[in-house]
Amino acid sequence: MKTLLAVDGSDNSYEAIHALKFFAPAEELTLLHALDVPRPAYPMLLPEVQEQLYKTLEQSMREDGERLLDRIQPLLPMHAGPSTKQLRMGSPAEVIVSTAEEQKADLIVMGARGLGPVKERLFGSVSHRILTLAHCATLIVNGSVKAMKRILLPRQGLSDAESAVRFLRLKPFYDPVEVTLLTLLPSTQPPWPADVASAEKLEGEALRSARDYIDGVAERLHAIGYQAHGIASVGTPAARILQEATTRHSDLILMGTRGRQGITRFVLGSVSHAVLHRMPCPVLAFH
């Protein structure tokens, strides 16, 4: 598996380095730091002076970035795999996504670094933009990672199941993990009181069908060496995922973000975004 570790010097960035100890050795591990050098915002200065200021700032940031990569390399887990360092210019999200594509990475690992609720609604966080744009799995680390044993895997359809099985076949984790598969159904609210009984019957049948489906996925994971079991529940996706992750003390939420079109993809995107904002543990999104 090829891994791209994106670092920016933040606390969560260092936690992302630590999280690598829970993943299998990488065939190739790239340490990447993106330099987003701001242009001077002084319109009264001569263009030559502005360019000189820019070059001075760029050189200073480049030296800081090289020192950061030099500090990080010795902190990698012993089994992380052969590593190389890269310093690239540009917007962090675009640099990370393009580098992952160039190197055919299987996994991007990075720390969460939010902008705050108002700015993110306007511009989108780096984390969320990468989840939207990247064509490989992405691990977002939001704090201290003490274990990677209990995995919550929310599923919403056949294509999700196929993507999950395909990703887990890569054997991405260093030690055995326990996978809880969660499938969610929307709550049935009848328009008239007389419809309550029929609505409950339909909901019961839907839950039984969902349990059969999720048990089938669990069997497929058993066949490739995972401890797995499934649960079916009713509720709002984002809220239920977060509740289950908290109640079960999950070490990781593993969920899909792509493979849909139109309104379905928009809804799933809002779910992954909501989970990313309030995640009680790291989130690993795959496509």
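Any read-out appearing in this document is the output of simple, stated calculations on the displayed coordinates, not a laboratory observation. Remember, it's a predicted structure, so these values are computed and weren't measured experimentally. Positions of Cβ are backbone-derived with ideal geometry, glycine not excepted, and every protein chain shown enters the neighbour counts.
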Among the lysines, which have Cα under 19 Å from the Cα of Lys146 when same-chain residues fewer than 8 positions away are ignored? Lys21
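Quote the FRET efficiency, to the nearest 0.05, computed for Ser98 versus Arg208 with a Förster distance R0 of 51 Å and r equal to the Cβ-Cβ distance.
0.65
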Give me the dipole magnitude in Debye, nearest 20, for the range 56-95 about the Cα centre, with unit charges on the beta carbon: positive for Lys and Arg, negative for Asp and Glu. 140 debye
Highest mean first, what order results for 245-252, 82-89 on Cβ atoms within 10 Å? 245-252, 82-89
